[in-house]
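The values are calculated or read from the model by the stated rules, or taken from the named source; none is laboratory data. Not measured: the values here are computed from a predicted model. Glycine also receives a Cβ, built like all others from the backbone with ideal geometry; neighbour counts cover every protein chain displayed. The area values use the complete protein model at the heavy-atom level, side chains included, leaving out ligands, DNA and RNA. Shrake-Rupley method; radii C 1.70, N 1.55, O 1.52, S 1.80 Å.
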Amino acid sequence: MNHSARTWDIFCTVVDNFGDIGVTWRLARQLVHEHGQVVRLWIDDLDSFARLCPSLDTALAEQQVAGITVRLWPRDGFPDDVDAAEVVIEAFACTLPDAYLAAMQRRRPTPAWYNLEYLSAEDWIDGCHNLASPQPRFGLMKRFFFPGFTAQTGGLLCEAGLFEARDAWQADQAAQAAYWQALGLPPRREGELRVSVFSYETDALAGLVDTWSLSATPVTALVPTGRALTSIAPLFDQALEAGTLVQHGNLTVKVLPFTDQPGYDRLLWSCDANIVRGEDSFVRAQWAARPFVWHIYPQDEGAHLVKLDAFLERYIAGLPAPQAATVRDLNLAFNTGGDASALWPDLAAALPALTQHALDWAKRQRAHGDLAGHLVHNAENWLQ
Ligand code: TRH
């Protein structure tokens with residue numbers, strides 16, 4: 001369906017890590033490249049952004065990147081001569097600057113204003129997605145836009161053609177061999193498993209490293225630089241940094257530099273299983289259609305464990321009981337710092353079946369449409 005070329009402002013504050021900018025940058029690109037929208041992305045931390053967008057110039061307060069206007073969102077002194085866009089996204093309940101709120105009030109018709117929420121698989125999301133939240137103080141209306149795993153939610157971010165690109169990559173042995181070689185890895189050995197590890201710190205990694213080292217078949221762990229290394233590095237008697245390749249029994253650990261988002265997709269697509277975290281890498285692992293372990297972003301009072309449970313309940317539905325138990329227990333162990341070592345062999349043994357399950361799951365999720373498409377459609381209905 002063709003939509004008008006609307007103007008959009010997306011506001012993102014980087015709380016910590018890369019998920020906030022990861023999601024908003026992906027959304028901005030999709031709005032421009034797939035829906036012909038005109039997008040400005042306001043971001044308060046260009047250094048974090050530059051990690052996943054190497055062409056960004058962190059010295060510039062305004063620049064064009066991939067067809068998107070990227071603006072530094074200054075902590076003080078937001079410019080008071082900025083016109084509000086037709087559609088305004090405050091990502092993850094960040095607080096819009098007063099000067100911008102005033103610009104929104106001046107605009108006619110007033111903007112379609114969304115709070116883009118964090119992803120959760122909990123049941124209550126269905127009832128809260130797209131709820132209106134009148135803002136009488138400003139004479140404006142805001143809506144809650146919830147990503148999610150059912151047709152009643154805003155869906156998940158997924159680019160057009162992503163599955164085709166993934167399938168082509170996964171079928172192309174030569175491209176994968178060249179990829180591994182470029183990363184400085186030897187060709188795959190007989191029976192070898194390759195696992196990417198992009199998690200937070202967790203004691204569960206010590207058990208996994210043990211199991212992988214003692215495994216009868218070779219295991220290679222691909223670890224992007226970052227927090228997982230804090231848990232892995234003390235297990236080795238040498239420094240681990242981007243480029244390091246270290247052997248421990250039957251385990252090879254390769255530390256990878258942080259790449260852009262398409263580069264990270266290729267890593268997920270190339271591995272037999274992936275350990276991911278937060279929100280965006282968690283979704284990308286699902287699109288990679290490979291078994292994965294999710295290290296959820298830890299919250300106070302174990303709130304994240306409720307969310308983990310809600311997701312697992314949906315994800316393991318339909319799996320034979322022993323495989324369902326393996327996926328559940330491994331995820332729980334990983335997230336509670338428990339002993340994941342005894343669970344890994346069961347996961348490894350079930351990889352073919354779990355890979356098929358991951359493929360089916362991705363197809364079912366994609367059938368709900370995608371978040372950028374739903375947002376464009378929603379905004380169009382609002383503004384017409
Ligand atoms: O970095 P995160 O831990 O972000 C988290 C979550 O979003 C969480 O919900 C939020 O509350 C918290 O931040 C503040 O994990 P996430 O969401 O997976 O984001 C990582 C991004 O980094 C994702 O877009 C993928 C990207 N990435 C690359 O582009 N290149 C890489 O090499 C790697 C490893 C990741």
(request) Determine the pairs where a residue that is within 10 Å of Thr230 (Cα to Cα), located within region 192-204, has a partner that is assigned to a strand (DSSP E or B) and away from the ligand (no atom under 13 Å from the Cβ) with Cβ atoms under 6 Å apart, the partner being 6 or more residues away or on another chain. (result) none
(message) Cβ contacts < 7 Å: first residue among the small types (Gly, Ala, Ser), restricted to region 270-287; second residue part of a loop (DSSP other than H, G, I, E, B), any location; separation 6+ or different chain. Result?
(response) Ala273/Arg290; Ala273/Pro291; Gly278/Asn17; Gly278/Tyr297; Ser281/Phe198
(request) Tell me, yes or no, whether region 303-320 has at least one residue that is under 23 Å from the mean Cα position of the chain (by Cα) and at pLDDT below 95. (result) yes
(request) Kindly establish whether Asp360 is closer than 25 Å to Thr230 by Cα and acidic (Asp, Glu). (result) no
(message) Show me the helices (runs of 4 or more DSSP H) found entirely inside region 221-328 where at least 1 residues are over 23 Å from Leu183 (Cβ atoms) and more than 15 Å from the ligand (Cβ to nearest atom).
(response) 303-316
(request) Those residues that are open to solvent by less than 50 Å² (accessible area, probe 1.4 Å), closer than 20 Å to Phe258 by Cβ and in contact (Cβ under 8 Å) with a residue 40 or more places away in the chain, I need them from region 35-80; list them, please. (result) Leu52, Cys53
(request) Check off (1) within 15 Å of the ligand (Cβ to nearest atom); (2) over 25 Å from Asp83 (Cβ atoms) for Ile21 and give me the number that stays unchecked. (result) (2)
(message) Among the numbered criteria (1) assigned to a loop (DSSP other than H, G, I, E, B); (2) within 22 Å of His304 (Cα to Cα), which one does Arg108 miss?
(response) (2)
(request) Check Asp123, Asp83, Asp98 and return the single one that is open to solvent by 10 Å² or more (accessible area, probe 1.4 Å) and free of Cβ contacts under 8 Å to residues at least 24 places away in the same chain. (result) Asp98
(message) Looking at region 188-220 only, could you name the residues that are open to solvent by less than 20 Å² (accessible area, probe 1.4 Å) and more than 14 Å from the ligand (Cβ to nearest atom)?
(response) Glu192, Arg194, Ala204, Leu205, Gly207, Leu208, Val209, Trp212, Ser213, Pro218, Val219, Thr220
(request) Enumerate the pairs (first residue in region 220-232 and in contact (Cβ under 8 Å) with a residue 24 or more places away in the chain and of a type in the set (A, V, I, L, M); second residue anywhere and away from the ligand (no atom under 11 Å from the Cβ) and not in a helix (DSSP H, G or I)) with beta-carbon separation below 6 Å, excluding pairs fewer than 6 apart on the same chain, so at least 6 apart or on different chains. (result) Ala221/Val195; Ala221/Val253; Leu222/Lys254; Val223/Val255; Leu229/Leu240
(message) Please count how many residues of region 141-175 are open to solvent by less than 20 Å² (accessible area, probe 1.4 Å) and of a type outside the set (Ser, Thr, Tyr).
(response) 12
(message) Any residue in region 7-21 that is assigned by TED's automatic domain parsing to the domain that holds Tyr297 and part of a helix (DSSP H, G or I) sitting within a Cβ distance under 7 Å of a residue that is more than 11 Å from the ligand (Cβ to nearest atom) and aromatic (Phe, Trp, Tyr)? List the pairs, counting only those 6 or more apart or interchain.
(response) none
